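Report on the structure given below.
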Amino acid sequence: MSRIMFLGFLFVFLPAMASAQEKVEAPVWNVGDKWVFTQGIIEIIDADQNSYTVKFPSDKTIAAWYLESGGFEKIIFEKTSLNRIYALKENKHEKYIGFRRTLLNFPLSPGKKWKDVFLATPLVGLYYGIGVWEYTEAYAVLEWEEVEVRAGKFKAIKLECEQIVTGPRPTRGQVVGSGGKAWYWYSPAGKYFVKCQYDKTYFGAHGLKDWELASFQVKK
């Protein structure tokens with residue numbers, strides 16, 4: 001009887017234990033941590049008790065990074081979730097409202113979903129800098145995968161971001177409901193994304209190219 005009860009205990013609690021083990025908490029970043037990608041470099045340049053300041057590539061001709069950084073070179077991330085809370089513009093704090101604001105929304109685990117809605121001026125493509133549109137970014141954590149990039153092999157959790165124009169302010173023929181998807185692979189060992197792929201029919205048409213991690217240096 002006791003053996004049967006023990007087995008029953010295992011059947012009930014093992015799935016919950018496995019699920020808990022899949023959960024990924026926010027990494028600890030340190031000043032000097034750096035990720036070199038095929039299209040640019042990201043670096044932690046400052047940190048305090050509650051946040052990190054991250055420097056993104058300043059070359060605005062790289063369409064992918066211009067989108068990924070919301071057009072800002074320095075962004076402040078909240079430590080617990082790694083949501084973007086401020087942008088630094090001429091050393092002044094400006095509330096971050098724009099693309100990829102909640103791209104990293106820890107903790108992460110397969111099946112987690114969330115959305116972010118905001119108003120922004122297009123950063124890339126035909127309508128660059130024209131008007132203000134409403135966007136919805138819908139995120140989903142998909143699954144764990146083994147990926148190989150220039151920096152090596154990583155166990156990574158895959159995220160999907162679907163960006164859609166939801167109105168009510170489309171400009172010059174931009175159709176409400178248009179949009180596309182991007183996929184990101186986050187590695188706990190690398191403490192950041194190691195790979196990104198864009199929907200070629202939408203983002204690719206705006207000049208965005210896929211990127212991957214070439215090398216990195218992070219303190220443990």
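From the list 218, 194, the lone residue that is closer than 20 Å to residue 65 by Cβ, in contact with a strand residue (DSSP E or B) (Cβ under 6 Å, 6 or more places away or on another chain), β-branched (Val, Ile, Thr) and at pLDDT 80 or above is 194. Considered as a group, the residues in the range 190-208 that are closer than 30 Å to residue 26 by Cα and among the hydrophobic types (A, V, I, L, M, F, W, C) include one that is nearest to the chain's Cα centre (by Cα), and that residue is 193. Among 117, 12, 24, 28, which is over 26 Å from residue 151 (Cβ atoms) and modelled with pLDDT of 90 or more? Checking each option against the conditions leaves just 117. Across the range 74-93, which residue is nearest to residue 202 (Cα to Cα) among those that are over 16 Å from the mean Cα position of the chain (by Cα) and not in a strand (DSSP E or B)? Taking the candidates together, the pick is 90.
Within the range 194-220, residues that are over 11 Å from residue 149 (Cβ atoms) and hydrophobic (A, V, I, L, M, F, W, C) sit with their Cβ atoms under 7 Å from residues that are at pLDDT 90 or above and part of a loop (DSSP other than H, G, I, E, B), at 6+ positions apart or across chains, in these pairs: 218/33; 218/191. Screening the range 53-69 for residues that are out of contact with any Pro (no Cβ under 9 Å at 6 or more places or on another chain) and among the polar types (S, T, N, Q) and picking the one that is modelled with the highest pLDDT gives 53. Of the residues that make up the range 40-52, is at least one part of a loop (DSSP other than H, G, I, E, B), polar (S, T, N, Q) and modelled with pLDDT of 95 or more? Yes, there is a match, as at least one residue in the range 40-52 is part of a loop (DSSP other than H, G, I, E, B), polar (S, T, N, Q) and modelled with pLDDT of 95 or more.
The values are calculated or read from the model by the stated rules, or taken from the named source; none is laboratory data. It should be emphasised that the depicted structure is a prediction, and the values quoted were computed from it without experimental measurement. Reconstructed Cβ throughout: ideal geometry from the backbone, glycine too, with neighbour counts over all protein chains shown.
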